[in-house]
Amino acid sequence: MVRADTILPAGSWTGAPVDSVVLDFDERYRRRFVMTGVGGLAFLLDLAEAAMLRGGDGLRLEDGRIVEVVAAPEPLAEIRAADSHALMRVAWHLGNRHLAVEMTPKALRIRRDSVIEEMAKGLGARVVPVEAPFNPEGGAYVQAEAPHGHGHDHHGHDHGRHDHDHDHDHDHDHDHDHDHGACDHPDHHHDHDHDAERGHGH
């Protein structure tokens, strides 16, 4: 099977591609994977390390031909705000949750997530469902999110709940220690009285 071992960034290559592959966000974070183009060309993507493929990238086959990467449309939430300051505020909260975010001139786009969408609305933003290719900003967060990234999003959210649970456990332990101390106190007196009675009987 023919191999593709080089990514040509969008805009860096010319000419007609021999075929194209249509991939959603999860499918575009790959290292080694057998792919089949829309025209039927099968090839092995064989990169030195995992990379995020973007719409418009070219995959150069070992014989010199190029397969174009097409970012498939998928359900997204487009977050809009009254002004740039309000949008920056939402962006800060999204980044704080380690979410992959695509930035457009007037909006932010994320993968559909009801919890995050409600958070954005709570910050005064408007959330509009859209179908579009997802091309988030690059970086560690994007790599962490794909292909397991959605779980990572919730991991970030769960981490907040974990902190809450930790506080709860701390309070519980504190109460338990307090009760334990109270329990020791009457037991101590009980043992003392018992010993005294036994000594008196003797």
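The values are calculated or read from the model by the stated rules, or taken from the named source; none is laboratory data. Small disclaimer: the values here were computed from a predicted structure and weren't measured. Every residue, glycine among them, receives a Cβ derived from its backbone with ideal geometry; neighbour counts consider all protein chains shown.
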Problem - Considering residues of region 29-38 that are out of contact with any Phe, Trp or Tyr (no Cβ under 9 Å at 6 or more places or on another chain) and in a strand (DSSP E or B) only, the residue nearest to E131 (Cα to Cα) - result: Y29
Practice task
Go through region 39-64 and give me each residue that's small (G, A, S) and not in a strand (DSSP E or B).
Solution key: G39, G40, G55, G56, G64
Practice task
Residues being more than 30 Å from F33 (Cβ to Cβ) and not in a strand (DSSP E or B): count how many of those fall in region 66-110.
Solution key: 17
Problem - Residue pairs meeting the criteria (Cβ under 6 Å; at least 6 apart or on separate chains; first part of a strand (DSSP E or B) and surrounded by 10 or more Cβ atoms within 10 Å (Cβ to Cβ), in region 1-18; second of a type in the set (A, V, I, L, M, F, W, C) and modelled with pLDDT of 95 or more) - result: R3/L44; A4/F43; A4/L45; A4/L59; A4/L61
Practice task
State which residue pairs qualify: first residue in the same structural domain as V127 (by TED's automatic domain parsing) and inside region 101-114, second residue part of a strand (DSSP E or B) and loosely packed, with under 14 Cβ neighbours inside 10 Å in any location, beta carbons under 6 Å apart, and separation of 6 or more residues or different chains.
Solution key: R112/P75
Practice task
Kindly indicate which of D26, D63 is of a type outside the set (A, V, I, L, M), closer than 20 Å to N135 by Cβ and in contact (Cβ under 8 Å) with a residue 60 or more places away in the chain.
Solution key: D26
Problem - region 19-46, subset surrounded by 17 or more Cβ atoms within 10 Å (Cβ to Cβ) and aliphatic (A, V, I, L, M), residue nearest to V69 (Cα to Cα) - result: V21
